[in-house]
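Values quoted throughout were computed directly from the atomic coordinates according to the rules given, and no laboratory measurement underlies them. Everything quoted here is computed from the prediction, not taken from an experiment. Quick reminder, even Gly has a Cβ in these numbers, built from the backbone with ideal geometry, and neighbours come from all protein chains shown.
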There are 4 protein chains.
Amino acid sequence: MKMIKVGIIGATGYAGGELVRLLSQHKDAQIVWYGSRSYIDQKYSSVYGNMFQIVDDKCMDDNMEQLADLVDVIFTATPQGLCASLVNDTILSKVKIVDLSADFRIKDVSVYEKWYGIEHKSPQYIEEAVYGLCEINREDVKKARLVANPGCYTTCSILTAYPLVKEGLIDVHTLIVDAKSGTSGAGRGAKVNNLFCEVNENIKAYGVATHRHTPEIEEQLGYAAGEPIFINFTPHLVPMNRGILATEYAMLKKKADGSLPTYEEIKAVYDKYYANEKFVRVLEKGVYPETKWVEGSNYVDINFKIDERTGRIIMMGAIDNLVKGAAGQAVQNMNLLFDLPEDEGLDLVPMFP
Amino acid sequence: MKMIKVGIIGATGYAGGELVRLLSQHKDAQIVWYGSRSYIDQKYSSVYGNMFQIVDDKCMDDNMEQLADLVDVIFTATPQGLCASLVNDTILSKVKIVDLSADFRIKDVSVYEKWYGIEHKSPQYIEEAVYGLCEINREDVKKARLVANPGCYTTCSILTAYPLVKEGLIDVHTLIVDAKSGTSGAGRGAKVNNLFCEVNENIKAYGVATHRHTPEIEEQLGYAAGEPIFINFTPHLVPMNRGILATEYAMLKKKADGSLPTYEEIKAVYDKYYANEKFVRVLEKGVYPETKWVEGSNYVDINFKIDERTGRIIMMGAIDNLVKGAAGQAVQNMNLLFDLPEDEGLDLVPMFP
Amino acid sequence: MKMIKVGIIGATGYAGGELVRLLSQHKDAQIVWYGSRSYIDQKYSSVYGNMFQIVDDKCMDDNMEQLADLVDVIFTATPQGLCASLVNDTILSKVKIVDLSADFRIKDVSVYEKWYGIEHKSPQYIEEAVYGLCEINREDVKKARLVANPGCYTTCSILTAYPLVKEGLIDVHTLIVDAKSGTSGAGRGAKVNNLFCEVNENIKAYGVATHRHTPEIEEQLGYAAGEPIFINFTPHLVPMNRGILATEYAMLKKKADGSLPTYEEIKAVYDKYYANEKFVRVLEKGVYPETKWVEGSNYVDINFKIDERTGRIIMMGAIDNLVKGAAGQAVQNMNLLFDLPEDEGLDLVPMFP
Amino acid sequence: MKMIKVGIIGATGYAGGELVRLLSQHKDAQIVWYGSRSYIDQKYSSVYGNMFQIVDDKCMDDNMEQLADLVDVIFTATPQGLCASLVNDTILSKVKIVDLSADFRIKDVSVYEKWYGIEHKSPQYIEEAVYGLCEINREDVKKARLVANPGCYTTCSILTAYPLVKEGLIDVHTLIVDAKSGTSGAGRGAKVNNLFCEVNENIKAYGVATHRHTPEIEEQLGYAAGEPIFINFTPHLVPMNRGILATEYAMLKKKADGSLPTYEEIKAVYDKYYANEKFVRVLEKGVYPETKWVEGSNYVDINFKIDERTGRIIMMGAIDNLVKGAAGQAVQNMNLLFDLPEDEGLDLVPMFP
C-alpha cells in the first residue's frame, strides 16, 4: 500500500522520540517532518544518538499549515495549548491529527480550563474530537479527523478499572488510584526536580489531589459508570525511566445474597472485555503486573485481588508510559484512522531485563 | 557513664549492619558481640567493607545464653521465629532484649501464627513484651525487659495516621495504606527476585492483601481507634536502596455542621502529638515527604492534603526503613531502656543527594 | 522459506531470555525447545513475565542428543563446560551449534584450562570451531558446524581496536582496555554480590588482571597484529541493567616524519573496515559512545580521540551486552549459517530513554 | 573553645549542601551565612528538605566583603572564576578562605586560563594559595590564608598513585587514569544532560583528553615525580549519586635484577605514606575499592594489583566525591587552619547499603 506520510510536531521530547522509534519500524508509515522548534536545522540524530544512521533528517519548525499540505497525519507531541492554538478548518480538511497533548481530551471546556489553567483556543473542535483510547472507542476513532490521544496515567488507570465500572461491580465513589510513574513522564525539560540526583534513590507523591489527569479519568470512567464520579488520584515519581503502575482500590458491591463476587466472576468480566484485546493481558491468578514486563511494548498488564477482610478489590495495571501511554497508542490510533491492522508496527516484545 | 555492652544476633543482615553503623557512633554503647551464623570467624569488615578499620572484630555464633552473661542488651536482627525460640526466663533476668523480628509484636498469638505461618515458641512472653514504637509507648518501653521493635512499613504507616485515628477524625474503616519501599527491606538473602536486574527499572506490588505487616498496623491503630479495624495495605518494591513512603487514604469525618475539618484543624492535631517529637517532622503546607530527605536519619516526615472533592484526606509519611524502620528505632528503644537521652547517637543528618 | 527450527539450552538465563526475545520476532526462525534444567515443566512465561501470551511453551530438560533430531540449530547459553561436555560427532552431523559459552573460543586448550580452571571435555572440536565475530570471520562462519559466539566484553573490546591493530597504527604492547558493564552480564544466578542493594549506587573493578575475557581479546587481536600480545583488561560493574562501554588506550605509532596520524587518517582506517558494516556505527567527530544509544539493538558504537599531548589514542566502544554481546550476535551467526540476510530479525532500533 | 563562624558562598549547590550537612554536625563550627544568589530570602530548608528543622536560616546574597567582617572562614562552593573575582587584600586580612573552585589550584596561570577558558581575575594570590590536599600539604595548610580545595577527580587520582610516584616505582610517562564518577559531580544546574532519564541506565566518557582536572593531577604528581608529567585522564559519568572510582595504570620500573617489585614491596610503600593517615584506607590484599564503601564518609579506599604478564600495576582508589572530593576535605582544611584535630566533625561512618 501507499506509505502514510507522517509529520511530528514536538519530535524531540521523549514522547516524540518514541514516536520516531516506533514509526521507523512501521512498514506503512514514513516520517517526513521532524518538528522541533528548539533544534531547527540540527540533525535529529544529534539530539537522539540512538537514531544515528537510522534517521538522517534535520529538525524543522512547527508549521502546521505547511505540514498539512505535505503529510497524511500530524502527531502533536507538544505542551498543552499548542495544538489547540494551531488547528483550524483548513488543516482538518486536509490531514488527520493525533494530538498527544490534553487539548481535546476533556469535553467540558471549563473543566479543562480550570485544571490546566489556560484558555482553550479552539473549543469548537472539542465536540468532534474522539478520545483515542482504542480498546474502548475503536469504532469512533476510525471515523475521526481529530484524535485526542489519552494521557499516560489515564490510559493505565482507566483500562485497569473499566470492566468493573462498566458492569457495575464496584462502588465507583470509593475508587482510589495510587499511581507510580517512571521519570520520562515528566518530559525532557531541563528542570532541577528531574535531575538524576534529585530523582535517584527517592520516591515522592506529587500533584496530590490536583493532578491534571484526574478529571480525564473521572470523565471516561463516568461514561462507563453512567454517572459523574470523583476519585482520588495520586501520582508518584519513581526512580526509573519508563513505566506506570496503577494500584486501584474500590469497594466491591455485594451480590443479592450478601456475598462478594468470586475471583472467577471478576475474572470473567475482565475476560469479557479483554480476552480478544491483543494489547491487554489479564495475568494469571496471583501474578501481579510489573512495569518491567511491558517495557518497550504496547501492552497493558492487569490483574486484581479480592480482599474478603475489607470487601475491597485491589486492581493493578502496568504500561510503558511512552508506548501505550503515549506514542504506541498514538500509532494504534493512526492504524485505526488509516484502516490498517490495529497492531501494525506495534508487535513489540517487551525487553527484560 | 559506664558503656552499655551490646550483643547483636544477626549482625550481617542489612538491619544488623545498620545497627553496627549507628552503635559505632554511639558514645555510651559498645558492641562486644557480632553474631552471624553465616560468617562465623570471618572479620566483620570482610562482609561489610565500609566498616574496614572501624570494626576489627570477627563474627560469632548466635548463642543467646552465653551472650546474656556478657552484655547488657541483645538486639536480635534475625528472621521470624528465632528470638522466640531462644529467649527464656534466665536470659530475660540477665539482659534486655530488643527484638527486631516480628515475634513479639502481635498480642494475639493466633493472629501471629496465621499470618506468619509458624508456631510461636514462647507465647508466654508476648504479654509482657512492649511494642517499641517510642513516640507512642515511650513510658512502657522504659520499664520493659523485652521490646518488640516495630516493622518498617508499620512504623511509617502507623505514625502517619496515628493522630487522626486517635482523635477520631477519620473513618478508620475506610483507611487504605499504599506503601512503597526500597529494596533493603527485602533483606540480604540471595534471591533471584532481589537481583539488581530484576528490581532496577521496575516497580510492582507484592503481598497484596496478604502482607504480614497488615495485622500489626491494624492492632496498633485499633488501640488508637478503640475498636478493631481492618485495612488494606499494599506494599510495592521500588528500585532504590532505602526508604519507605506510605500514602494513606481515609474519609474524613464531617463536623457537626456537615463541613470537613480544615487544614488548620488537622494540622493542630498533628502538632498536638508531634510538635515535641524530635524525630517526627510535620512538613510545611504543600510540601510532601520524599524518602531522600530522611535517608540515613531517624526522622519520620509527615504531611497531608485534604481533598474537598471526595471528602478524603491523603496522608503521607516517609522514613528510612533501616533507621527509623529498624536499627534507629532499636537504638531509640535502647536509649529508653537505659535511661539515656532518647536521641543519643541518633543525631543523624539526612544525606542528600 | 522453510522455518529454521531452533533449540535453546539455557533459555532462562539473561542471554537465553534475550535469544527468546529476538527469535520471537525473527520471521524465519521458530523456537521449538526452551531448555532450562531449573524450570523443567514450568511455563516459560512464568519465569519471564514479559513473554506472557507471546510464548506459551514449557521449559524442557537439556538433552542435546534428543534436541539434535528435532532442530536445525542449537544455541547453548549455559555455563562454561556444559557445551563441551555434551557435543559429539553425531550431534555435529545433524545440527548446527552456536555456543554462547567460552568452550570453543580459545584455540589453545591449555590457555582455556588455565584461565577457566576446568578441564576441556572435547578439545577435538576446538580446531574446527569458528570464532563467531561476524564482522571479522563472516566467511568462515558461513561454512561452520560449530560457532563459538564471542564474549560480551571481548566483542566490544576487539571491534573497538581492531582496525588500528590490523593496520599497525598503534603499539599493541601499550594497549589497555578499561571496560564497564551493566549487571545483566553477571547472569541470573542468585548471588549476594548481584543483589540490587549491593550493586546500586556503587561501582567497582573486579577480576583485576585475571578476568577470563583477557586471553580471548589477546588471541583475536593477536591474529590482527600478527604477533602474540598481552594487554591489561579491567572490567567494572556499573549499576545499570544493560550495556558495555570499553575505553581503550594505546600509543599511536608515529609516522615516518615523526608526527602522529591525524584524525582524518585514523577515521579513514575505521571507515575502511566499518563503513559497510551495518551494525558498526563510527560516530561523528567529537561524539562519544553512550551505552544507552545502543540499548536493545545489535549496534556497536565506536569513536576515538587523539591526545597530542601524550601521543596516545583513546578508543571507545559501546554495545548492549545481551544483544551484540550475546544473543544478537548469536542470531547474526545463525543468519550466516543458514544463508539468510545477516541482519534478518536484527533490525532493532535502540530504545531511549 | 570559641565557635568558628562560617560563611558559605554557594550553599545550595551539591558541594555547598554537603558542607552544610557536615558543619551542622561539627562541634566547633557554626554556619552564620548561607549564601545562594539563586535563593535569596528563601529558607534554606525549602531548597534542601533534608535540613528541615535542622537549619532554620534563610539564604543570603554572595557578598564576600560583608561576610569577611562576620565570619572566621569563608567557603566558596561556586563556579570557576567567582572566588578569584571577589577576593582581595582586605578580605584576606580578615578571614580565611577555602575555595572549592579551581581558581587557585594551578600555579601556572596560563595553564589555568587555557584549560578553563577564562581570564584569572586575581593571579597575585595564586602563589600564596596552598593546595589543600591535606595528606600531602598538611603543614602548609596550617599556615595558609587561602586554601585551594582540590577537585574531586584529582583528590582521588592523586592519592591513589602518589606514594608510587613519589618513590619512583612507576614510569610516570605511562600513567593513565580512567575515572568514573557519580552524577552529583556535575552539579545541580538544570541541564538536559543531567536529567534522570539521560543518565540512568547509561554510561559514557566525556571531556576525553580535555577535562580540566587533567593539569591539576599533572601538576601535583609532577611535584612528586620531580619532573613535569603528562597523563591521560578520562572521566566517565555513572548512574549513581555519589562516588568516584579511579582506575590507574602504569608500567612498574624493574628492579636492578630485572624483576618487578613484589606485592609486599609495593604495599610497604603505600603503608609508609598512609599507615598513619586516618582517612586513607589501603585495603587488604585482593580486596578492591568500591565507592559504596566510602559513601557519606571522608575516606579514600585504595588498593592495587601487579600484573606480571604486562609489567603494569593497576591502582584503584575510591572516594565520596562530595565528601573527600569536596566538602569533607574542605572541613579537614578548616580544621587544620584553626588548629583543631584534623578529623573533627569528620568521624563519618560510611553508609551501606
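Separation of the stretch A:257-325 from the stretch D:286-343 is 50 Å, based on Cα centroids. Taking springs between alpha-carbon atoms closer than 10 angstrom, which of C:V192, C:V208, C:V73 fluctuates most in the Gaussian network model of chain C? Maximum fluctuation in the GNM of chain C, among the listed residues, is at C:V192. Taking the Cα centre of the stretch B:1-65 as origin and assigning +1 to Lys and Arg Cβ atoms and -1 to Asp and Glu Cβ atoms, the resulting dipole is close to 200 debye.
Each copy carries a label point for A:K254 at 7 Å from Cα toward Cβ; from one copy, the others' points are 2.3, 9.2, 9.4 nm away, ordered from shortest. With contacts taken as Cα pairs under 8 Å at a separation of at least 6 residues, the stretch B:153-320 carries a relative contact order of 29 percent.
For chain D, a crude dipole built from +1 on the beta carbon of Lys and Arg and -1 on the beta carbon of Asp and Glu, taken about the Cα centre, is about 420 debye to the nearest 20. Distance between the pseudo-spin-label points of D:Q66 and B:E344 (7 Å out from Cα toward the beta carbon): 4.4 nm.
The overall shape of the protein assembly as shown, judged from the alpha-carbon gyration tensor, is rounded, with an a/c ratio under 1.5.
Measuring between alpha carbons in the structure, the pairs from A:K43/A:K121; D:K107/D:K166; A:K96/A:K292; B:K278/D:K5; D:K94/D:K114; C:K191/D:K278 lying more than 23 angstrom apart are A:K43/A:K121; A:K96/A:K292; B:K278/D:K5; D:K94/D:K114; C:K191/D:K278.
Other residues within the sphere of radius under 10 Å centred on the Cβ of A:V55, judged by their own Cβ, net out at +1 (K and R +1, D and E -1).
Across the stretch C:153-321 the C-alpha pair distances fall into 5 Å bins from zero in the proportions 1, 9, 17, 21, 20, 15, 9, 5, 2, 1, 0, 0 percent.
Each Lys or Arg adds one and each Asp or Glu subtracts one; over the other residues with Cβ under 9 Å from the Cβ of D:G35, this totals -1. Here the protein assembly as shown carries DSSP beta bridges of which approximately 50% are antiparallel, counting only pairs with both residues inside. Projecting the Cα atoms of B:P228, B:G207, B:G286 onto the charge dipole of the stretch B:153-320 (Cβ charges, centred on the Cα centre) puts B:G207 farthest toward the positive pole. Computed from point charges on the beta carbon alone (+1 for Lys and Arg, -1 for Asp and Glu), the dipole magnitude for the stretch C:4-128 about its Cα centre is near 340 Debye. Here A:D108 yields copy-to-copy label distances, from shortest upward, of 4.4, 7.3, 8.0 nm, the label point defined as 7 Å from Cα along Cα to C-beta.
Given axes a ≥ b ≥ c from the Cα gyration tensor, I'd like to know whether the stretch C:4-128 is rounded (a/c under 1.5), prolate (a/b larger than b/c) or oblate. Since a/c reaches 1.5 and a/b is larger than b/c, the shape of the stretch C:4-128 is classed as prolate.
Using only Cα coordinates, the Kirkwood hydrodynamic radius of the stretch C:188-229 works out to 12.9 Å. Counting only other chain Cβ atoms within 10 Å of each residue's Cβ, the peptide B:224-234 averages 3. Three principal axis extents of the stretch D:196-269 based on alpha-carbon atoms, in descending order, are 55, 27, 18 Å. For the residues of A:282-294, the average number of beta carbons from a partner chain within 10 Å of their own beta carbon is 5. DSSP assigns beta bridges within the stretch B:4-128; of those with both partners inside it, close to 5 percent run antiparallel. Dipole of chain A computed with +1 at Lys/Arg Cβ and -1 at Asp/Glu Cβ about the Cα centre; of A:V95, A:L70, A:A11, farthest Cα towards the positive end is A:A11. Using C-alpha pairs below 8 Å separated by at least 6 residues, the relative contact order for chain B is 17 percent. Taking other residues whose beta carbon is less than 13 angstrom from the beta carbon of D:A77, and scoring Lys, Arg as +1 and Asp, Glu as -1, yields -1. Just checking the listed ones, D:M240, D:M64, D:M251: in the Gaussian network model of chain D with Cα springs under 10 Å, the one fluctuating most is D:M240.
A Gaussian network model of chain C, with springs between Cα atoms under 10 Å, assigns the largest mean-square fluctuation among C:A179, C:A318, C:A190 to C:A190. Going by a ≥ b ≥ c, the root eigenvalues of the Cα gyration tensor, does chain B fall in the rounded group (a/c under 1.5), the prolate group (a/b larger than b/c) or the oblate group? Taking the square roots of the gyration eigenvalues as a ≥ b ≥ c, chain B is prolate.
Residue exposure proxy: C:Y263, B:Y116, ordered by other Cβ atoms within 10 angstrom of their Cβ from fewest to most, comes out as C:Y263, B:Y116.
Shielding value for C:316-327 is 1, the average number of Cβ atoms from other chains within 10 Å of each residue's Cβ. Taking the Cβ of each residue in A:E290, A:E308 as the centre, tally the other Cβ atoms inside 10 Å and list the residues starting with the fewest. The most exposed by this proxy come first: A:E308, A:E290.
Residue order for B:V71, A:V20, fewest other beta carbons within 10 angstrom first, comes to B:V71, A:V20. Label-point spacing for B:Q42 across the identical copies (point 7 Å from Cα in the Cβ direction), in nm and ascending order: 2.6, 4.7, 5.0. Helices assigned as whole DSSP H runs in chain B whose Cα atoms extend at least 15 Å along their own long axis and whose mean Kyte-Doolittle hydropathy is -0.5 or higher are found at B:152-166.
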